[in-house]
Amino acid sequence: MSVSVQIDLRTKFGPARDQKRRPTCIAFAASDAHAAQRMNPFQPLSVEYAFYHASLKRTAFDPHSGVGMSDILAAVENDGQPEENGWPYLDQLPADITHYKPPADVGPVYRRGSQYHAGLAAGCHVAGNRADETLMVYPQLMRRAIDNVLRNAIRYSPTGSEILLNCTVDRVRQLVSVEVLDSGPGVPESMLTDIFQPFFRTAPGRESESGGAGLGLAIATEAIRMHDGTIAAQNRKEGGLQVTIVLPLRTPTAEPQIRQETE
C-alpha cells in the first residue's frame, strides 16, 4: 500500500504526545487543532481542561469514558482552553472522581469563538432575508455549521463590508436553504469542492495568515451531512463567494389527539 502526502502538517503541530491508557484521543486532536490555529509557534493547550468540560456536557458525568466530537468542539468553543501548564495532562484520573476538577487559577483561557466576534468588531456587517421556520435539528451542530461558514466569510471579507445571510423555505420541494454571501476574493473554480476537506488551503499559508486551521468548513460539512443535507460553494458574479446549505424541511409534528371512546 502506498501513501500519498498531499499536505504536510508536521510544521504546524507539535510533537506527538502519549495519552496513556485514557480515552482522550478526540480531545488531543481537537486541542492541537485549536492550538495550531491560535499559537505561532505552536504551544500546546490544556487537553485536560477541554476533556473535563466535554465530559460535563454528557448526560452523566463520567470522565472514564471517551467524549464525542460534538461535545469536545463545544467545549473548545464555549469553555475554551488555557495553556498546557494551566492544567497539565494527567496520566490517570484521581481515585476519588470528586477531586477531578480544574485548578483554581489556570491562567488565560482561549476560546474558539473569539475570532468571529473580532471579525464583527472589525466592521463586518451581517444582513439578509430570513424566513422563520422551526426545524428538527441537533441545535449545537447546526449552530456550529452556520457559525463556521459565517466565520469563513468574515475572515476573507474586506473590513467594513456586508455579508449576506439568507434563509428561504421551499414548501413544494420540502427544503430549507441557507446562503452565506461574502465579497472576498472568491476561490479558484477547480477548488470549490476541495475547500470542504479538512486542512485544505487554496494557497500556501492563506489559512495560517488569516488565523484559520482549515477545519471550519470541514466541520460544517460533517454537521450538515448528519442532517441529510448538502453544502456547496460557488463564486459570485459580483465577486466573492456564496456557500449554500440545503436541508430537508423537517418540522416538529403536533402531538396526536387522543380520541375518547364512549360505550
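Which condition breaks for residue 180 when tested against (1) in contact with a helix residue (DSSP H, G or I) (Cβ under 9 Å, 6 or more places away or on another chain); (2) not in a strand (DSSP E or B)? It is condition (2) that residue 180 fails.
Figure legend. Inter-residue proximity from region 3-30: first residues without any contact (Cβ under 8 Å) to a residue 40 or more places away in the chain, second residues among the basic types (Lys, Arg) and surrounded by 12 or more Cβ atoms within 10 Å (Cβ to Cβ), beta-carbon distance below 7 Å, spacing 6+ or different chains. Indicated pairs: 28/17.
The single condition among (1) at pLDDT 85 or above; (2) not in a loop (DSSP other than H, G, I, E, B); (3) not hydrophobic (A, V, I, L, M, F, W, C) that residue 15 does not meet is (2).
Reported count of residues in region 68-104, each being among the charged types (D, E, K, R) and within 13 Å of residue 51 (Cβ to Cβ), is 4. Consider region 158-174 and keep the residues that are among the β-branched types (Val, Ile, Thr) and in a strand (DSSP E or B). The one that is surrounded by the most Cβ atoms within 10 Å (Cβ to Cβ) is 163. Looking at the structure I just gave you, is residue 187 at pLDDT 95 or above, surrounded by 14 or more Cβ atoms within 10 Å (Cβ to Cβ) and not aromatic (Phe, Trp, Tyr)? So residue 187 does not fit the description; no. Residues in region 58-102 that are among the polar types (S, T, N, Q) and outside any loop (DSSP other than H, G, I, E, B) were compared, and the one that is surrounded by the fewest Cβ atoms within 10 Å (Cβ to Cβ) is 98. On inspection, residue 212 passes the criterion of being farther than 27 Å from residue 134 by Cα, at pLDDT below 90 and buried (at least 17 other Cβ atoms within 10 Å of the Cβ). The lone criterion from (1) at pLDDT 90 or above; (2) touching a Ser or Thr at 6+ places or on another chain (Cβ under 8 Å); (3) crowded, with 18+ Cβ neighbours inside 10 Å left unmet by residue 155 is number (1).
The values are calculated or read from the model by the stated rules, or taken from the named source; none is laboratory data. Values in this document were obtained by computation on a predicted structure and should not be read as measured data. Using ideal geometry, Cβ is built from the backbone for each residue, glycine included, and neighbour counts are taken over all protein chains shown.
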